[in-house]
Each structure stands twice: as C-alpha cells, then as structure tokens.
Amino acid sequence: LSLSFSFQVNVSVLKKDTIGDLNPELYQNQERTIWIGKNKDLGQLNLVVKYNQKTRNLSVTLVSGKDFPPRDYSGSIDSCVTICVLPNRERRKQTAIHRRSVSPPYNENFVFNIRVGEEAHSHSLLLTTYFYDSLSHGHVLGECHVPLIYCDFSGETIFWSYLDDPSGSVSTAV
C-alpha cells in the first residue's frame, strides 16, 4: 500500500523579527488529507473524520460527491450514500437523496460510538453510493472502504476516496 499525506500550515502568522523563535500558532490548523483508491471512473467522495475522546463518538461528515457518471438523458444522476462501521453493519446511516447532480453537496454529519483502543484501528468505514433510475429503483454505483488506521484520533482527517465497483474489492490508499 502506498499512502499520500498533505499538511497545510498557516504561514501568514510569521513575522520578520520572530524568525528562529518558536511560535505555537504555526502548529495549529494543520490538516491531514488522505487519498484512497485509483479508479476514477465512478467518481469520488469527500469526508472528514473526527473522534471525540470524551463522548467516544466518531463523527463522519460526508462533505460531497464528485464526478459521478451521469445516469440519465439529461446528463445528471440522483444519488445517496450509506455509511456503516465495519465489521458491524447494523448501524447503517444514509444521506438524503440528492437529485440531478454529478457532484452533490451532501454536507451531512453522522455519529458512531467507537472506543479508541487497539481494536479501533481494525475497524473501517464502508460508504456505498446508490443511484436511482427513472422508475426510482435504487442501484449501487460504487463503494469505498476507509480504514480507520489512517485516522488521526487526536484531530480531524480529511479523506478523498474514489469509488470502486461494488464487487467486494477493498480500496487501497495511494
């Protein structure tokens, strides 16, 4: 597996006369972004994962979908996404259906109770994207697996994950 990270630091707080001094403001607002998958044919999902240690809740914000292939004559797609934490599929949660958009802005937050410990990193998120045909029948467009081993449980982690064919294959990080 190859893994790609990017970090952004706010350098606008640097002052000419403080070069060489430690400035704690430089170490705030760091973002950790991870890209998963390689198949660009089915589109991708953008999500943000955070863990609250006090409440032991894993917060998953599905920000948006991007570049879904059109499924109707007008060049658009009606879609929704389900999210669950593996290996337990019981607590599956679903977004609202977004109509006529190949890049839907989901902006929905989902909370799952997970205990951080040795077993927390063995879990993963399964996101399944569905599209609806002209008769309102749901079909699987694609899915992606987001292993929680890539998450920074002390902060937030941003994921961009390409959808894979729903054949049970697992996404790999690039």
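The values are calculated or read from the model by the stated rules, or taken from the named source; none is laboratory data. All of these numbers come straight from a predicted model, not from anything done at the bench. Every residue, glycine among them, receives a Cβ derived from its backbone with ideal geometry; neighbour counts consider all protein chains shown. The protein model used for the area step is the full one, side chains on, heavy atoms only, and it has no ligands, DNA or RNA in it. Shrake-Rupley method; radii C 1.70, N 1.55, O 1.52, S 1.80 Å.
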Check: residue 123's amide H: which non-local residues (gap 5+, or another chain) put their own amide H closer than 5 Å, with H modeled 1.01 Å from N in plane and none for Pro or chain starts?
Finding: 148
Checklist line | residue 56 accessible area, assembled protein chains, probe 1.4 Å, Å² | finding: 110 Å²
Checklist line | For region 25-115, alpha-carbon Rg relative to the globular expectation (2.2 N^0.38 Å, N residues) | finding: 1.27
Margin query: I'd like the Karplus ³J(HN,Hα) series for region 96-110: coefficients 6.51, -1.76, 1.60, θ = phi - 60°, whole numbers in Hz, and an x wherever there's a Gly or Pro.
Written below: 6, 7, 9, 9, 6, 8, 8, 9, x, x, 5, 6, 10, 10, 10
Notebook entry, point to check: Could you give the length gained on full extension between residue 57 and residue 152, defined as 0.36 nm per residue of separation minus the Cα-Cα distance, in nm?
Noted result: 32.8 nm
Check: Just how much of residue 136 is accessible, in Å², when a 1.4 Å probe is used and the result is rounded to the nearest 10?
Finding: 90 Å²
Notebook entry, point to check: Want the number for residue 40 to residue 97: 0.36 nm per residue separation, take away the alpha-carbon distance, what's left?
Noted result: 18.3 nm
Margin query: Please list, ordered by chain and number, the residues whose modelled amide H lies under 5 Å from the amide H of residue 163; skip anything fewer than 5 residues away on the same chain.
Written below: 42, 43, 44, 45
Checklist line | Estimated distance in nm for a label pair at residue 74 and residue 107, the labels positioned 7 Å out from Cα along Cα-to-Cβ | finding: 2.1 nm
Margin query: Can you list residues from other chains, or at least 5 along the same chain, whose modelled amide H is less than 5 Å from the amide H of residue 32?
Written below: 158
